[in-house]
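Data first, discussion second: the structure below is written as structure tokens.
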Amino acid sequence: MRILGVDPGLATVGFGIVDFDGNCFKTMEYGTVHSPAKAKTPDRLKMIYDDMCYIIEKYKPDEVAIEELFFNTNVKTAIAVGQARGVLILSAANQSIPVYEYTPLQVKQAVVGYGRAEKIQVQQMVKSILGLDRMPKPDDAADALAIAICHGHASGARSRLLDCIKKENG
């Protein structure tokens, strides 16, 4: 299964594409999408949408995993990130790709085994799990890879559960 992990933002969107088979991950690509701060919000959202559509068309993920928006004390920032999340989700939905959402706590738990892990711990585990020579940069891309790993673990657990149910129902 090919997973596109997405770390949403208005200025910077992190993305990470991994192939997941059994318990093995293989990194296909990762990076960031940017929108200029001086551009109007509708133009920025269109840039994000267009870039994400390009990434989806190029790498053809089976599923998309995106980080949920957590409470932010800066309401203006939270609204902007929420708008970006909306166009990111729409870019997958318009291509009939299932979208799954994970909280930062779920991502840290899945990658590090501890929901309150520090960012550096998550980055080190992403590097280790994916067998990378160095920690992925920038941080937004590393976060997106962590989200993809989280989804891989979650989908693997779902698959094993469905297999058990099928065996019980014979």
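The values are calculated or read from the model by the stated rules, or taken from the named source; none is laboratory data. The structure displayed is predicted, hence computed values, not measured ones. Neighbour counts are summed over all protein chains in view; Cβ atoms, including those assigned to glycine, are modelled from backbone coordinates with ideal geometry.
Sort through 106, 95 and tell me the only one that's out of contact with any Leu (no Cβ under 8 Å at 6 or more places or on another chain) and within 26 Å of residue 121 (Cβ to Cβ).
106
Identify all residues within segment 20-30 that are surrounded by fewer than 17 Cβ atoms within 10 Å (Cβ to Cβ) and part of a strand (DSSP E or B); write none if there are none.
Scanning segment 20-30 gives 21, 24, 26, 28, 29.
So which of 78, 39, 92 ends up being at negative phi, out of contact with any Lys or Arg (no Cβ under 7 Å at 6 or more places or on another chain) and not in a helix (DSSP H, G or I)?
39
Of everything in segment 77-110, what is of a type in the set (Lys, Arg) and within 14 Å of residue 50 (Cα to Cα)? Give them in sequence order.
Passing the criteria: only 85.
Please go through segment 1-19 and pick out each residue that is outside any loop (DSSP other than H, G, I, E, B) and not β-branched (Val, Ile, Thr).
2, 4, 5, 7, 14, 15, 16, 19 - these are the residues of segment 1-19 that are outside any loop (DSSP other than H, G, I, E, B) and not β-branched (Val, Ile, Thr).
So in segment 120-137, with the set limited to residues that are of a type outside the set (A, V, I, L, M, F, W, C) and surrounded by 13 or more Cβ atoms within 10 Å (Cβ to Cβ), which one is farthest from residue 24 (Cα to Cα)?
In this case the residue turns out to be 121.
Could you please find all residues in segment 19-36 being polar (S, T, N, Q) and either at positive phi or modelled with pLDDT of 95 or more (or both)?
27, 32, 35
Does segment 56-65 contain at least one residue that is surrounded by 17 or more Cβ atoms within 10 Å (Cβ to Cβ), part of a helix (DSSP H, G or I) and out of contact with any Gly (no Cβ under 7 Å at 6 or more places or on another chain)?
Yes, segment 56-65 has at least one match.
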